[in-house]
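Asks: Next up is a structure, given as structure tokens.
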Amino acid sequence: MNSTYKMTIAGCERELEMFSVNEHLDIAAFILFNDVEITEKASAELLKICPEHDVVLTAEAKSIPLAYEFARQGCGKYIVARKGIKVYMENPVSVTVKSITTAAEQTLHLGQTEVNEIKGKRVLIIDDVISTGESLRAMEQLVEAAGGVIVGKAAVLAEGDAADRDDIIFLEKLPLFFK
């Protein structure tokens with residue numbers, strides 16, 4: 001049985017299960033899937049401190065519930081950068097990313113429909129956790145390629161050194177656990 005790390009997120013107490021990234025590092029896993037209470041409350045709290053925006057962008061998959069709830073409570077529009085090109089995605093724009101929680105490199109994609117939705121719009125990029133910033137950087141590149149204007153970058157949690165960044169908005173700090 002893995003140990004846990006207890007924290008309060010948007011007024012909700014949770015015990016996050018600990019996992020080993022490598023022989024030198026453990027992380028407390030924050031998973032939004034199945035947690036409607038935190039998804040709703042974190043979205044409401046973040047919306048209070050985020051800039052006005054026309055559309056929310058997130059990467060597939062863990063942050064999709066957050067993007068949906070953000071859009072439902074706020075601007076009404078969200079877009080998901082997909083991890084694979086689908087047959088209905090014409091003229092895809094793609095960016096490669098290496099995340100701390102994923103073993104291999106991934107590529108994020110937007111189809112022409114999503115590019116059209118972003119072009120000239122104020123885009124708020126959101127994620128569940130920002131750690132190394134690689135996923136965030138990939139989404140920034142997608143917005144730039146699509147002709148959107150990034151008005152903010154937000155996450156529920158900022159992990160490790162990300163909590164020291166002044167270019168992101170977040171609710172709570174999540175420590176890294178060095179062995």
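Asks: Give the angle, between 0 and 90 degrees and rounded to the nearest 10, that separates the Cα long axis of helix 36-49 from the longest principal axis of the Cα atoms of the chain.
Replies: 70 degrees
Asks: Still on this structure, I have one more. Positive end of the charge dipole of the chain (Lys, Arg +1 and Asp, Glu -1 on Cβ, about the Cα centre): tell me which of Thr58, Val149, Leu136 has its Cα farthest that way.
Replies: Val149
Asks: State, in angstrom, two size descriptors of the chain derived from its alpha carbons: Rg to one decimal place and Dmax to the nearest whole number.
Replies: 15.9, 49
Asks: When ligands, DNA and RNA are left out and all protein chains stay put, how many square angstrom of accessible area per residue does the stretch 26-137 have with a 1.4 Å probe?
Replies: Each residue of the stretch 26-137 exposes 48 Å² on average to a 1.4 Å probe.
Asks: Can you give me the orientation-averaged projected area of the convex hull built on the Cα atoms of the stretch 23-113, in nm²?
Replies: The number I arrive at for the stretch 23-113 is 7.7 nm².
Asks: Follow-up. Please report, largest first and rounded to whole Å, the three semi-axes of the ellipsoid equivalent to the stretch 137-179, where each semi-axis is the square root of five times an eigenvalue of the C-alpha gyration tensor.
Replies: 25, 11, 7
Asks: Out of the chymotrypsin sites (Phe, Trp or Tyr not before Pro) in the stretch 72-179, which ones are loop residues according to DSSP with at most 16 other C-beta atoms within 10 Å?
Replies: Sites meeting the loop and neighbour criteria: Tyr88.
Asks: Mind checking the dipole of the chain: about its Cα centre, +1 per Lys or Arg Cβ, -1 per Asp or Glu Cβ, Debye to the nearest 20?
Replies: Once rounded to the nearest 20, the dipole reads 380 debye.
Asks: Would you work out which of Phe178, Gln106, Val123 lies farthest towards the positive end of the dipole of the stretch 104-179, given +1 charges on the beta-carbon of Lys and Arg and -1 on that of Asp and Glu, about the Cα centre?
Replies: Val123
Asks: Carbon-plus-sulfur fraction of the accessible area of the stretch 119-179, 1.4 Å probe, in percent?
Replies: Carbon with sulfur: 47 percent of the solvent-accessible area.
Asks: Only helical DSSP H runs with n ≥ 4 go in: add -39500 (n - 2.57) per run for the chain, normalise by residue count and round the 222 nm mean residue ellipticity to 500 deg cm²/dmol.
Replies: -7500 deg cm²/dmol
Asks: Hey, if you drop one equal point scatterer on each alpha-carbon of the stretch 88-177 and run the Debye formula without solvent, what base-10 log of I(q)/I(0) do you get at q = 0.11, 0.13 Å⁻¹?
Replies: Taken in order of the listed q values, log10 I(q)/I(0) reads -0.33, -0.45.
Asks: Could you tell me the largest-minus-smallest coordinate of the C-alpha atoms of the stretch 114-162 on each of the three principal axes, in descending order and whole angstroms?
Replies: 34, 16, 14
Asks: Another question about this same structure. Taking only Cα atoms and a 10 Å spring cutoff, compute GNM fluctuations for the chain and point out the largest among Ser43, Ser63, Ser20.
Replies: Comparing Ser43, Ser63, Ser20 in a Gaussian network model of the chain, the most mobile one is Ser20.
Asks: Would you mind putting 127-139, 47-59 in packing order, based on average other-beta-carbon counts within 10 Å, highest first?
Replies: 127-139, 47-59
Asks: Still on this structure, please answer the following. Helix 134-146 against the longest principal axis of the chain: what's the angle in degrees, Cα atoms only, rounded to the nearest 10?
Replies: Tilt relative to the chain: about 10 degrees.
The values are calculated or read from the model by the stated rules, or taken from the named source; none is laboratory data. Since the structure is predicted, the reported quantities are computational estimates derived from the model, not experimental observations. For neighbour counting, all protein chains shown are included, and Cβ atoms are generated from backbone atoms with ideal geometry for every residue, glycine included. Please note that ligands, DNA and RNA were not included when accessible areas were found on the heavy atoms of the full protein model with its side chains. Shrake-Rupley method; radii C 1.70, N 1.55, O 1.52, S 1.80 Å.
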